Structure formats: structure tokens, C-alpha cells
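Have a look at the structure below before the remarks.
The values are calculated or read from the model by the stated rules, or taken from the named source; none is laboratory data. Since this is a predicted model, take the numbers as computed values, not measurements. Note: ideal-geometry Cβ built from the backbone for every residue, glycine included; neighbour counts use all protein chains shown.
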Amino acid sequence: MKSAILALVLLAMPLAPALAAETYSDPKALVQAIYDGYRPGAPHGDPTVHYSARLKGIAQLAEESAHVTKTAGSELDPVADPTFNPFLPDTNALLFDLRVGEPARLDDRAVVTVTYHNFDQPRLLAISLVEEDGSWKVDDVASMGSDVPWLLSWALAADPYAM
């Protein structure tokens, strides 16, 4: 029995790096990697794997509480859903003119702007990042290129900074 377990462990060891969460030492590299997942044929992953501890906590609180904002009949509907994908807030995707801006950095924080067209809809996002344990993580997302701008953390929680 012990030898069977040892054999399984030895066989699984080469897979460990692939299973580990990827780390990014540059904020632009993280944002570029996020959008690489939306290219045709690319597997769509869970956007929360790129969230900071703070944003994960806000999403978890929104999922567990009744304080999820509901604004029926508006663009804010999907934002209040804790499973909402802030990087591509559309059901269907055909991205073109994708541009990832250069990060504006201040110590362990950065902001990267992203513009693209999804079909004929222009999008402008500002992605706030924070460096945690040597890797960059998404700390918030703001949509500024639509009729109804939104900030992810505020759409998910009434007061995320009280956490």
C-alpha cells in the first residue's frame, strides 16, 4: 500500500508546478494574462483566482449575505452577482482592439487601463492591483466606458472598506 502511494506521489510531482497558482511579478503581465484567456479557443477560467485577499473577502461576503445590490433592469444587474466576470462583463464575446495600458505604480499598488470592443460595444476598464506575497493581484475593477459606470467592490458590498 505504501509503495502504491509513493508511486502516485512520484507520478504527480511533475504536475505540481502546473497545478500551482501562477504568480505575476509585473502588473501588466497579470492583466495581459487575464485577457489572453478570452482569445478564441482559450479555456475560460475563474476570474476570482486573480483577486486580492480583500476582493475575495468582499465577493465571499456578497455571496453569503443578503446585501448584494439588486438594481432590476439596469446594467448593474450582473455586477451585483458575486459570480460576475468584471473583466468581460458580457455574455457573449468577440473581442477586438484590445489594448492593455502601461501600469501607473505607487509602491505595492498599480492601476492598468484596458480598452476593447466586444462586438460593437466599446469598453474602458481601470483595474486596480496590489502586490501580495510577491505577486500582483486584482484589488478592484472600475468600468468607466458605459452609460452606467460601476466599481466592483461597491457593487458587491455596501461598505467594503469596513472589512
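Can you tell me how many residues in region 95-137 are assigned to a strand (DSSP E or B) and of a type in the set (D, E, K, R)?
The number of residues fulfilling the criteria is 8.
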TODO: Determine whether Ala142 is part of a strand (DSSP E or B) and either surrounded by 14 or more Cβ atoms within 10 Å (Cβ to Cβ) or free of Cβ contacts under 8 Å to residues at least 60 places away in the same chain (or both).
DONE: yes
In the set Leu106, Leu151, the lone residue that is surrounded by fewer than 19 Cβ atoms within 10 Å (Cβ to Cβ) and at pLDDT below 95 is Leu151
Practice task
Determine if region 95-106 includes at least one residue that is of a type outside the set (D, E, K, R), within 18 Å of Lys56 (Cβ to Cβ) and touching a Pro at 6+ places or on another chain (Cβ under 6 Å).
Solution key: no
Of Ala18, Ala7, Ala33, Ala29, the only residue that is at pLDDT below 70, surrounded by 10 or more Cβ atoms within 10 Å (Cβ to Cβ) and part of a helix (DSSP H, G or I) is Ala7
